[in-house]
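The values are calculated or read from the model by the stated rules, or taken from the named source; none is laboratory data. Since the model is a prediction, treat every value here as computed from it, not as a measurement. Glycine also receives a Cβ, built like all others from the backbone with ideal geometry; neighbour counts cover every protein chain displayed. Surface accessibility is based on the protein's heavy atoms, side chains included, excluding ligands, DNA and RNA. Shrake-Rupley method; radii C 1.70, N 1.55, O 1.52, S 1.80 Å.
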Amino acid sequence: ELMTRDSFKPATTLNILAAAWIQFENHNWFFHGRGEPDEVMEVRLEPDDDWPEHPMHVRRTVAIPAHGKQTPAQASGNGSIDFSNTETHWWDGSQLYGSSKETQDKLRTFEDGKLRIEPNGRLPEDPDEAGVDLTGFNENWWFGLSCLHTLFTKEHNAICDVLKKENPRWDDQRLFDTAWLINSALMAKIHTVEWTPGIVNNTALWAAMNANW
């Protein structure tokens, strides 16, 4: 009853960037991984629903053992199952910078601390997935994510330019690490004092989120 759409109710204070932003941020914090093979749940739809597949298939979250149990099956008796996370689970910009050195090395130019951008101003294409940008995290890809990943990759490089101008003796690694820290803080600030109070737009949220920041 709660989730039934009886009529279209527009969110008049928001636009599609609000949805792109939260997905962009979630990809910084967690991804539950893929099973081998993927296990899916079937969601039954109404006959007149225009979803392109019937039933809808939703990938199950990958379970892992917990509390000393050896397998998820052994843990299921007392509910002791955790769920995997393939990403670094802190606010470090891993959706741009990757959660491993191997991934990160593919994204860097190793010159002046910068990340790779094509001459046309776009991110490189992922060699393993046509039509998807090469970045720190590119699951569930769509245009909104591409915009934000491109924007903050360019922001990283712009920060590097300023840092190099102010600190001409800094090497590539120091420029990269410092720009990474600044860019991550910028994204955290946007989420805390702009996005969150914009979603729940009241004086309590504005006061709380600014205090939190």
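One line per residue, one yes/no per condition, for (1) of a type in the set (A, V, I, L, M); (2) within 14 Å of Glu25 (Cβ to Cβ):
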site: Arg169; (1), (2): no, no
site: Leu175; (1), (2): yes, no
site: Trp180; (1), (2): no, no
site: Leu186; (1), (2): yes, yes
site: Ile190; (1), (2): yes, yes
site: Val193; (1), (2): yes, yes
site: Ile199; (1), (2): yes, yes
site: Trp206; (1), (2): no, no
site: Asn212; (1), (2): no, no
**Asked** Residues in segment 3-19: is at least one open to solvent by less than 60 Å² (accessible area, probe 1.4 Å), part of a helix (DSSP H, G or I), touching a residue at least 40 places away in the same chain (Cβ under 8 Å) and closer than 30 Å to Gln104 by Cα?
**Response** yes
**Request:** Spot the failing condition for Lys165; the list is (1) under 17 Å from Ile22 (Cβ atoms); (2) open to solvent by 70 Å² or more (accessible area, probe 1.4 Å), and only one is missed.
**Result:** (1)
**Unmet criterion (only one of (1) within 23 Å of His32 (Cα to Cα); (2) outside any loop (DSSP other than H, G, I, E, B); (3) open to solvent by less than 90 Å² (accessible area, probe 1.4 Å)) for Ile159** = (1)
**Message:** Tally up the residues in segment 20-37 that are open to solvent by less than 60 Å² (accessible area, probe 1.4 Å), in a loop (DSSP other than H, G, I, E, B) and aromatic (Phe, Trp, Tyr), please.
**Reply:** 1
**Asked** Within segment 103-133, which residues are more than 16 Å from Trp180 (Cα to Cα), of a type outside the set (A, V, I, L, M, F, W, C) and part of a loop (DSSP other than H, G, I, E, B)?
**Response** Glu118, Pro119, Asn120, Gly121, Arg122, Pro124, Asp126, Pro127, Asp128, Glu129, Gly131
**Complete:** Those residues of segment 48-97 that are open to solvent by 80 Å² or more (accessible area, probe 1.4 Å), at pLDDT below 80 and under 30 Å from Ser184 (Cβ atoms) come to a total of 1
